[in-house]
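Worksheet: one structure, shown below.
Bear in mind these aren't lab numbers, they're just calculated from the coordinates by the rules spelled out. Computed from a predicted structure; not experimentally measured. Note: ideal-geometry Cβ built from the backbone for every residue, glycine included; neighbour counts use all protein chains shown.
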Amino acid sequence: MLYPAAQLVLASASRYSVTGLYQGAVGTLNYRRLFEQEALATVLLNTLVWVTAVVGVTVVISLALAQLLDASFPGRRIVRWAVIVPWAASLIVTAKLFVWVYDYYFGALNHVLISLRVVAAPVDWLGNDATVMGAMIAVGVFVSLPFTTYVLLAGLATIPGDVYEAARLDGASTWQTYWSVTLPLLAPALLVATVLNLIYVFNSFPIVWTLNDRNPGFGHDTMVTYLYKIAFKSALRDVGLAAALGVLNVALVLVAVLVYLRTVRWQDAEA
Amino acid sequence: MALRRSLVALLGLAGCLALVYGGCSGGPGDGKSIKVVIADYSKDNTKPFWQSLAADYTKRTGVKVDLQVIDWNSIDQQVTTMIQNNQPPDVLNLNSFSSYARDGLLYTADEVLSPQTRADFLPSFAQGGEFRGTLYGFPILASARAFFYNKPLLAKAGVAAPPRTWSELVAAATKVRDSAPGLIGYALPLGPEEAQAEWSIWMWNNGGDWKTADRWTINSDKNVQTLQFLADLANRHRVTQVNPGKTNRTDGAFQLFKDGKVGMVIGFSPLAAQLDAEGKVEYGVTAMPTNADAPVTLGVEDYLMAFKKKDNRDAVRQFLDLYYQPDNITRWITAEGFLPVTKAGVERMSGNAKLRPYLDALPRARLAPTTDPVWDKVKLDVQQNLGLAVQPGGNPRQVLDALQQRATAAAEERK
């Protein structure tokens, strides 16, 4: 685990030719050039929106889904298995599928929306700058739901039944029970789910890459796809610069996770 | 329990043995095997041909071939990674070569090609593979673009003949678009897949060019005029498909044309082969509409190149000789639907009626400036950014100025 990390830092301090040939050490030059890139600010903002929206929406929907799957009803086993499907399918396959669903001319989504008269004309979901991010977030949530739901489901399973009994005896309403009893007891599971999702979603490459594939420029990239473009696809074709961005990415994720943990511990201490 | 444990141990031992033997089968440049990396032109033809060629080669010389067929979307990245890890291939097929030549990684033609093969190349293609006057990028195949049109769509729209000038193009596209709902006049792919190809053709047909003499002239007045024309096609005349700056060639423009929704598109012989196979669209092929004296089309040549490694020169030389035998090279190029790059190939394929329009266009086909290593960066820059100019609110002059500025900066850097 240390070797790749060490190689990354070494690469970020080196200069590489367009062909990939190593051309010598350059100290902090790559880091200075990185912060001079015009697109960096937009990419950082995109990443913030992407991570916050996907993790936020996923957790909220997963809370509801976990409650649903915790209750007993006929066919529960089948529904539980069905929830796993988006997780089992490879991300690239899912992303490619959604590219065709969202397509302006051939897509199922436009077809359905027009038939239901929700929109009057087809929408270019992946081409229109206003809708691309939303479209990507929807897919991100879709593939993150299974994992998060199951973590929360496991969390729900650890809550003893007596607690609910006690709440009922005290005369608490359903919503009061949920808010004051279930959620606090779910806190550890929520913590796990959120931190892991933060890391996965920040590093998520296939969804953004595939859905954003036809768009020129860097307007909708996140840090990870921007890194890939710098290394291989843009005029920069600069492995050293990309490695510097890689180191920055790792630092950002670490900081985000630490801040989150600190906040939660602080809230715990208050309680 | 004991049985399971010994089973696991047995499997582990077998696994270790496999690794040891696998690792022993030769490393780079030790003369016993060569690594050949080929781009994936088509699912049906590329791998079978190269696998049989490799088998033939191993039979004749005893040298094993580690063949890797990689698709176009990832081949650049994978080759960069190979070189970064000091594991370059022995023979590489790619659409650019001059950066590798400039970095001193390649053999010259004199070192690995037989004199007969060298003399057989068509002069314009051989020239397209030279870096500072020496041939490093050996032509492997070529393609030329042509103007495709949907015959029934144009007829129904009242367009008598395919357009010859730009104003005729606008008129024809408008008529097609108006003739029935959901139709597209001209499909314009300026997305990141191959924006530079589509752009080259329009640029040349207005008298502009990538470079003039030795200087980059990407943002010349003629070029700005051309890009503005394309932006108008999209945003003012509205005769293109939605968001041309975000449409690629293969899954966008071609797909729509194959579906019979498009009046006109710029295509090439593999597209014709697909249209023939599907039989849905009755199409015609003609020369490009032009705003200058004579139509110009884009010729693209791909290259084979050989990497310098200890002790691999003879093995590589024999492999290249085998590929360039007229039977082999013609067989593969015909199967893929591309054009020959050797005089022998042109002779053998001149009887093919389907290829007539492209073979005729070959003499007037122009190549991108692939001999200049800066082109490798410019090409990627154009792919990534050109589409921004034709979206609503896009600024052609600004985009071309930025491309020009980065090209000249790269040229200065590499001096």
Distance from the stretch B:88-119 to the stretch B:261-296 (C-alpha centre basis), Å: 33 Å
Under-5 Å amide H pairs with residue B:297, H placed in peptide plane, nonlocal only: B:366
Burial ordering of B:33, A:17, fewest other beta-carbon atoms within 10 Å first: B:33, A:17
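For the stretch A:17-270, rounded, prolate or oblate, judged on the Cα gyration tensor with a ≥ b ≥ c (square roots of eigenvalues), a/c < 1.5 rounded, else prolate if a/b > b/c?
oblate
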Helix-only [θ]222 nm of chain B, DSSP H runs n ≥ 4, -39500 (n - 2.57) each, per residue, nearest 500: -14000 deg cm²/dmol
Under Karplus coefficients 6.51, -1.76 and 1.60, residue-wise ³J(HN,Hα) of the stretch A:54-67 in Hz, glycine/proline x: 5, 5, x, 5, 4, 4, 4, 5, 5, 4, 5, 4, 5, 4
Using a Förster distance of 60 Å, the FRET efficiency for residue A:73-residue A:265 (Cβ separation, nearest 0.05): 0.95
0 to 90° range, to nearest 10: angle between helix A:129-157 axis and chain A longest Cα axis: 50 degrees
Other-chain or far-sequence residues with amide H under 5 Å of residue B:34's (modelled H): B:64, B:65, B:66
Between helix B:313-324 and chain B: long-axis angle, C-alpha atoms, 0 to 90°, nearest 10: 40 degrees
For residue B:308, residues with placed amide H under 5 Å, excluding near neighbours: B:106, B:107
Mean separation of Cα contacts under 8 Å (6+ apart) over length of chain B, as relative contact order %: 25 percent
Separation of the residue B:413 and residue A:81 label points, Cα + 7 Å toward Cβ, nm: 5.5 nm
Inter-label distance, nm, simple model (7 Å from Cα along the C-beta direction), residue A:100/residue B:360: 3.8 nm
Exposure proxy ranking, count of Cβ atoms within 10 Å, fewest first, for A:164, B:358, A:150: A:164, A:150, B:358
Of B:371, B:165, B:80, the one that fluctuates the most in a GNM where chain B has Cα springs shorter than 10 Å: B:80
DSSP-defined beta bridges in the protein assembly as shown - what % are antiparallel, rounded to 5: 65 percent
Rounded FRET efficiency, nearest 0.05, which uses the C-beta distance separating residue B:325 from residue A:37 and R0 of 41 Å: 0.25
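Over the stretch A:17-270, what is the mean sequence separation of C-alpha contacts under 8 Å (at least six apart), divided by residue count, expressed as relative contact order in percent?
Relative contact order, the stretch A:17-270: 29 percent.
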Charge-dipole axis of the protein assembly as shown as Lys and Arg at +1 and Asp and Glu at -1 on Cβ define it, positive-most pick from A:209, B:267, B:320: B:320
Anchor residue B:222: lysines whose Cα lies under 19 Å away (excluding residues fewer than 8 positions away in-chain): B:211
Simple spin-label estimate for residue A:26 and residue B:310 in nanometres, 7 Å along Cα-Cβ: 3.0 nm
Convex hull per residue volume in Å³, alpha carbons only, for the stretch B:215-287: 132 Å³
Residue of B:199, B:72, B:332 that the Gaussian network model of chain B assigns the largest fluctuation, springs spanning Cα pairs under 10 Å: B:72
Per-residue average of Cβ from other chains inside 10 Å of A:116-125: 1
For peptides B:57-69, B:388-400, A:213-225, sequence by mean Cβ density within 10 Å, most packed first: A:213-225, B:388-400, B:57-69
The stretch A:79-215 - charge dipole about Cα centre, Lys and Arg +1 at Cβ, Asp and Glu -1, debye rounded to 20: 220 debye
Crossing angle, helix B:166-179 versus chain B [Cα axis fit, 0-90 degrees, rounded to tens]: 90 degrees
Dipole in debye (nearest 20) - the stretch A:17-270, about Cα centre, beta carbon charges: Lys, Arg +1; Asp, Glu -1: 460 debye
Nearest-0.05 FRET efficiency for residue A:48 and residue A:205, computed from C-beta distance (R0 25 Å): 0.90
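Across peptide B:234-242, how many C-beta atoms of other chains are within 10 Å of each residue C-beta, on average?
Neighbouring Cβ atoms belonging to other protein chains average 1 per residue here.
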Radius 12 Å from Cβ of residue A:164, net charge of other residues (Lys, Arg +1; Asp, Glu -1): -3
Value at 222 nm in deg cm²/dmol, rounded to 500, when DSSP H runs of n ≥ 4 in chain A each add -39,500 (n - 2.57): -22500 deg cm²/dmol
Phi-based couplings in Hz for the stretch A:230-236 (Karplus 6.51, -1.76, 1.60; Gly and Pro marked x): 4, 6, 10, 10, 9, 5, 5
Counted charge near residue B:287, where neighbours are those whose Cβ lies closer than 11 Å (Asp, Glu -1; Lys, Arg +1): +2
